[in-house]
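Comments concern the structure below.
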């Protein structure tokens, strides 16, 4: 296998390919690839944040479909980022790679749930433009410690905050079709972030680094690379995932706002 779902344009084909590609990557049966500047996309147009249409209220089917479309795009990028890490760090510990595959397959399932929810609301994947801001937060020059911090501690950690905020908004909505999908994703993302934090701490220990010191310094180093954080911390979800007060302080101080 010399190609990858990263270059495939159809989101449905990406979902159908992910399990086989993960298995081949675990067995190291694939050739190394140079990750694309942007992963393949079909109908959605990739735009800057300022060009995104304003979301309608969540009491409308259109508003909930727009929400799920945004979430589908996040899950799609998360799935692709996991595949990218598996390709770019073939010598990472086997147990790390196995756990990362589990995360990738969860992201693929979340993506499928979102697309099904969009269709149940009478809309389609590709009806709206999307961002690529999660993908572009990573770089071929990342170390494995950088990548774990960016994707699993920072990006997915921010998802814990927005997930709680969205659920609170949906609580007051009559017929919230999107709610069960959002809740499933929010609950399972806690485990994904815990995976990242556990391995971040282990990789720090292996490198003779103090996580208490490294987290803030590495976050500051990467601050021009990662997207802004826009919502308040969900202390409940972040604590459940394993963030300590030192990390929360570092995030308040060093992450872009």
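The values are calculated or read from the model by the stated rules, or taken from the named source; none is laboratory data. Note that this is a predicted model, so its numbers are computed, not measured. When we count neighbours, we look across all protein chains shown, and the Cβ atoms used for this are built from the backbone with ideal geometry, even at glycine.
Taking segment 168-188 as the range and being part of a helix (DSSP H, G or I) and without any contact (Cβ under 8 Å) to a residue 40 or more places away in the chain as the test, the residues that pass are 168, 179, 180, 183, 187. Only one entry in 5, 38 is part of a loop (DSSP other than H, G, I, E, B), surrounded by 20 or more Cβ atoms within 10 Å (Cβ to Cβ), within 17 Å of the chain's Cα centre (by Cα) and touching a residue at least 24 places away in the same chain (Cβ under 8 Å), namely 5. When 203, 195 are checked against the criterion of being touching a residue at least 60 places away in the same chain (Cβ under 8 Å) and closer than 23 Å to residue 94 by Cβ, 195 stands alone in meeting it. The condition of being in contact with a strand residue (DSSP E or B) (Cβ under 7 Å, 6 or more places away or on another chain) and over 29 Å from residue 169 (Cβ atoms) holds for only one of 26, 5, 17, 38, that being 38.
Of the residues making up segment 8-34, just one is at pLDDT 95 or above, touching a helix residue (DSSP H, G or I) at 6+ places or on another chain (Cβ under 7 Å) and in a loop (DSSP other than H, G, I, E, B), namely 8.
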